[in-house]
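The values are calculated or read from the model by the stated rules, or taken from the named source; none is laboratory data. Note that this is a predicted model, so its numbers are computed, not measured. Methodologically, a virtual Cβ is constructed for each residue, glycine included, from the backbone with ideal geometry; neighbour enumeration extends over all protein chains shown. The accessibility values were calculated without ligands, DNA or RNA, using every heavy atom of the protein model including side chains. Shrake-Rupley method; radii C 1.70, N 1.55, O 1.52, S 1.80 Å.
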Amino acid sequence: MASIFIVDDQPHMRELLEGGLAGEGHHITCVGDSDYVLSYLEESRPDLILLDLYLQGFEGWDLLEEIKKHDPTVPVLIVTAYDTFLEDPRLAHADGYVIKSFNTDELKKKIHEKLTAS
């Protein structure tokens, strides 16, 4: 299955996403520290990145830009609790947008779409 990198500063959300996606057979790496993201990407190339927009120490939009500079081909899905970004032009740099939920069905669907399109 796929290698998925989860970037979220909320431990409970990382655990929820990791549990739901590992159950699908994916290899999951989670990080809550945005400073670690770019160094991780120097060493590894995940099949997909799930990125929260509100991170301690680094705004998710800035991190998205840095990720895409590093590897413009890696799919990045924004996973956030807010639906106010649907019209944000910065969203064009991402490969999708999912509202956080305890039901991960929509997220799993988007992940499947991105992974099969790659």
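Can you pull out the residues in segment 8-17 that are part of a helix (DSSP H, G or I), touching a strand residue (DSSP E or B) at 6+ places or on another chain (Cβ under 9 Å) and in contact (Cβ under 8 Å) with a residue 60 or more places away in the chain?
Met13, Leu17
Yes/no per residue for (1) assigned to a helix (DSSP H, G or I); (2) open to solvent by 60 Å² or more (accessible area, probe 1.4 Å):
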| residue | (1), (2) |
| --- | --- |
| Ile6 | no, no |
| Gly20 | yes, no |
| Leu50 | no, no |
| Asp62 | yes, yes |
| Thr73 | no, yes |
| Ile78 | no, no |
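Quick check on segment 100-116. Is at least one of its residues at positive phi, surrounded by fewer than 17 Cβ atoms within 10 Å (Cβ to Cβ) and without any contact (Cβ under 8 Å) to a residue 60 or more places away in the chain?
No: segment 100-116 contains no residue that is at positive phi, surrounded by fewer than 17 Cβ atoms within 10 Å (Cβ to Cβ) and without any contact (Cβ under 8 Å) to a residue 60 or more places away in the chain.
Give the residue that is farthest from the chain's Cα centre (by Cα), with candidates limited to residues of segment 24-48 that are surrounded by fewer than 16 Cβ atoms within 10 Å (Cβ to Cβ) and at pLDDT below 85.
So the residue we want is Asp35.
Looking at segment 86-99, which of its residues are touching a Leu at 6+ places or on another chain (Cβ under 8 Å) and either surrounded by fewer than 17 Cβ atoms within 10 Å (Cβ to Cβ) or in a strand (DSSP E or B) (or both)?
Listed by number, the residues that qualify are Arg90, His93, Tyr97, Val98.
Any idea which residue in segment 26-43 is farthest from Gly60 (Cα to Cα), counting only those that are part of a helix (DSSP H, G or I) and of a type in the set (Gly, Ala, Ser)?
This residue is Ser39.
Filter segment 71-87 for residues that are farther than 18 Å from Val7 by Cβ and touching a strand residue (DSSP E or B) at 6+ places or on another chain (Cβ under 9 Å) and give the result.
Within segment 71-87, Asp83, Leu86 meet the criteria.
Yes or no: Tyr82 over 12 Å from the mean Cα position of the chain (by Cα), outside any strand (DSSP E or B), within 24 Å of Asn103 (Cα to Cα) and hydroxyl-bearing (Ser, Thr, Tyr)?
It is true that Tyr82 is over 12 Å from the mean Cα position of the chain (by Cα), outside any strand (DSSP E or B), within 24 Å of Asn103 (Cα to Cα) and hydroxyl-bearing (Ser, Thr, Tyr).
So how many residues does segment 1-22 have that are closer than 13 Å to Asp52 by Cβ and of a type in the set (S, T, N, Q)?
The number of residues fulfilling the criteria is 1.
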